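Chemist: A single structure is presented below for examination.
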Amino acid sequence: MEPLIDIEIEDERWLDTLPDVSEIVETGISAALKAAKFTEQADIVVLLCDDGQMKQLNAEYRNKDKATNVLSFPAPKSLRVKGVLEHLGDMALGYETCVREAKEQNKPLKNHVMHLAVHGALHLLGHDHIDDAEAETMEALERDILAGLGVPDPYAQDHANG
């Protein structure tokens, strides 16, 4: 069963710059869930906002007083009802940071947003990159998922060099 992905666009620049941003985010999340063999019924809420909102969320939930590209907030396991996960979690993407990073890394914004959607979804599923081993595992999974979507390796250095 497909998850319900609710995209809330708080900053209209997302649509001005990337008119199909909702489809891109949904595709990335769905591919990550499929790769993880996640088959439960669940919903995910995604906020497409500006860096001001991202900075506020990052400060409130992670004690980091700066904007970031993506934040993921996995729902607590206590939200399981009769074995069904009602809400997998929430995700937010910050417009200015995403656009700046895509330019700095010389990659299409579409590919960068797709990568961040996959990355955020994997966090919702419990993956992390706190230590090197976890990071390598998570990055390998991201590479495989993105390759299946036709997106080049986001960690390859050749993007930055053109």
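Chemist: If a residue must be among the small types (Gly, Ala, Ser) and within 21 Å of Asp6 (Cα to Cα), how many such residues does region 53-66 contain?
Modeler: Final tally of qualifying residues: 0.
Chemist: Take region 99-108 and flag every residue that is under 19 Å from Ala147 (Cβ atoms) and assigned to a helix (DSSP H, G or I).
Modeler: Ala102
Chemist: Okay, next question. Scan region 87-97 and give yes if some residue there is assigned to a helix (DSSP H, G or I), surrounded by fewer than 19 Cβ atoms within 10 Å (Cβ to Cβ), under 16 Å from the mean Cα position of the chain (by Cα) and modelled with pLDDT of 95 or more, otherwise no.
Modeler: Within region 87-97, one or more residues are assigned to a helix (DSSP H, G or I), surrounded by fewer than 19 Cβ atoms within 10 Å (Cβ to Cβ), under 16 Å from the mean Cα position of the chain (by Cα) and modelled with pLDDT of 95 or more.
Chemist: Follow-up. State all residues of region 90-112 that are in contact with a strand residue (DSSP E or B) (Cβ under 7 Å, 6 or more places away or on another chain) and either at positive phi or among the hydrophobic types (A, V, I, L, M, F, W, C) (or both); if no residue qualifies, say none.
Modeler: Of everything in region 90-112, those that are in contact with a strand residue (DSSP E or B) (Cβ under 7 Å, 6 or more places away or on another chain) and either at positive phi or among the hydrophobic types (A, V, I, L, M, F, W, C) (or both) turn out to be Met91, Ala92, Leu93.
Chemist: Considering region 128-143 alone, what residues qualify as being surrounded by 12 or more Cβ atoms within 10 Å (Cβ to Cβ) and free of Cβ contacts under 8 Å to residues at least 24 places away in the same chain? Explain how you work it out, then say what you get.
Modeler: Restricting attention to region 128-143, the residues satisfying the condition of being surrounded by 12 or more Cβ atoms within 10 Å (Cβ to Cβ) are 128-129, 134-135, 137-139, 141-143.
The answer is Asp128, His129, Glu134, Ala135, Thr137, Met138, Glu139, Arg143.
Chemist: Can you work out which of the residues in region 123-154 that are over 16 Å from the mean Cα position of the chain (by Cα) and not in a helix (DSSP H, G or I) is farthest from Val113 (Cα to Cα)?
Modeler: Ranking the qualifying residues of region 123-154, first place goes to Asp131.
The values are calculated or read from the model by the stated rules, or taken from the named source; none is laboratory data. Note that this is a predicted model, so its numbers are computed, not measured. Cβ: placed from backbone, ideal geometry, glycine included. Neighbour counts: every protein chain shown.
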